[in-house]
Every structure is written in structure tokens, then in C-alpha cells.
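Accompanying notes for the structure given below.
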Amino acid sequence: MPSIVAIPKSLAPPKKKATTSTAPSSSSSRVLAFKNHNHLRHRLILALLSRRPVRIDQIRPNASSPGLKPYEISFLRLLEKITEGTRLEISYTGTSLLFHPGILAGGTFTHVCEMGRSVGWYLEPLLAIAPFGKKDFSLTLKGITTDGRDVSVDTLRTSGLPHLAMFLDKEGLELKVGSQ
């Protein structure tokens with residue numbers, strides 16, 4: 001019959017530390033997963049700045065028209081335009097999104113904004129990423145300027161740009177509002 005012997009902790013061999021794998025793992029290869037459409041623009045902008053892929057599931061699954069709204073898809077297309085190498089996968093129903101961010105290229109772009117939201121809705125997150133482009137941004141957004149839900153373009157011009165200009169060493173930061 002085997003005997004059981006208790007070994008005091010002071011005499012027990014030290015526990016081995018968990019070993020790490022030798023395969024390289026980069027933080028940019030892990031996909032961040034979220035559910036629902038809340039903070040969609042912010043999640044995409046932060047993914048772009050951190051170079052981390054993002055998966056968002058259950059986007060309005062029980063709504064009468066499930067999935068991404070047309071203005072959200074328009075914003076995703078705008079992000080594809082102003083970046084190099086961005087890959088975007090949207091499920092057939094629009095309730096799932098996989099966003100692999102590319103590099104902020106900068107340059108001159110024109111985008112027609114979906115009428116469901118004002119230009120300020122598109123412009124607000126773009127002000128956060130504009131300083132990080134390889135080249136200067138010259139962006140023309142066409143759409144409605146005020147809709148009662150979102151910040152107006154005039155408010156962004158008078159309050160947002162001066163704060164952004166404090167952190168940039170460049171002259172010529174301006175936002176023009178025109179009509180067609």
C-alpha cells in the first residue's frame with residue numbers, strides 16, 4: 001500500500017513558470033471583437049490608429065432593417081479611400097463587419113456623404129486621424145451641413161479646428177463650407 005507523505009512548502013521544489021511560445025506574436029494580428037453598432041466610428045478610428053483589426057458582430061440583428069445603415073457603409077468607404085491597404089469584409093446581411101486597417105495615406109480626396117447624416121458626422125472622427133497621415137489631407141465632403149442630430153460643420157470649424165491646430169506645426173489648417 002502506498003504511503004502519503006506531506007512535504008512542507010519550504011522543501012517543495014519551485015513551480016515552473018509558464019513557458020512562452022517561440023512563435024512571434026504581434027499585437028496587430030489579434031482581432032478585437034465587439035458586439036453591436038455602438039461607438040462604431042470610434043472603434044474604427046482607434047483600430048486605424050493602433051493598426052489592430054476589429055470584428056463587430058450583432059449589428060442591429062433584431063431591427064426592422066438589420067445590419068449597417070447606408071451612412072455607416074459610406075463612412076467605411078471613406079476610410080477605405082483615405083487609407084492604403086485597408087480590407088473590409090461585411091456579411092451578406094450587414095450584421096457583421098471585419099475591418100483590417102491600412103496606413104493613413106493622406107492626399108486629396110472627394111467623398112459624397114450619405115444623406116442620412118450630416119457632413120459633421122463624417123468629419124468629426126476624421127479630425128482625430130488627420131494629423132497622422134503620411135501626407136497632408138485635402139478632403140472634400142459633399143452632403144448636408146446640418147441635420148439637428150449631429151454637430152454642424154460650422155461648429156467644427158469654429159471649435160474643433162483651433163484645438164487641432166494647437167497640436168500641429170503647420171499653417172493653412174482650414175475648413176471651408178460652400179454650397180453648390
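Just a few scattered comments:
- Integer Hz, Karplus 6.51/-1.76/1.60 couplings in order for the range 129-142, x for Gly and Pro: 9, 3, x, 9, x, 5, 10, 5, 9, 10, 10, 10, 10, 10
- Shape call, the range 82-123: gyration tensor on alpha carbons, a/c limit 1.5: oblate
- Surface accessible to a 1.4 Å probe, SER50 within the full protein complex, Å²: 60 Å²
- Between amide H atoms placed 1.01 Å from N, distances below 5 Å from GLY107 occur with LYS135, ASP136, PHE137, SER138, all of them 5 or more places distant or on a separate chain.
- In order along the range 84-99, phi translates into HN-Hα couplings of 10, x, 6, 10, 9, 10, 10, 5, 4, 7, x, 8, 9, 9, 10, 10 Hz, rounded to whole numbers, per the Karplus curve 6.51 cos²θ - 1.76 cosθ + 1.60 with θ = phi - 60° and x for Gly and Pro.
- Sorting 119-132, 137-150 by average packing, meaning the other beta carbons within 10 Å per residue, from highest down gives 119-132, 137-150.
- Under-5 Å amide H pairs with ARG60, H placed in peptide plane, nonlocal only: HIS37, GLY67
The values are calculated or read from the model by the stated rules, or taken from the named source; none is laboratory data. On a predicted model such as this, the values are computed, not experimentally measured, just so you know. Glycine also receives a Cβ, built like all others from the backbone with ideal geometry; neighbour counts cover every protein chain displayed. Keep in mind that these areas ignore ligands, DNA and RNA; they rest on the heavy atoms of the full protein, side chains included. Shrake-Rupley method; radii C 1.70, N 1.55, O 1.52, S 1.80 Å.
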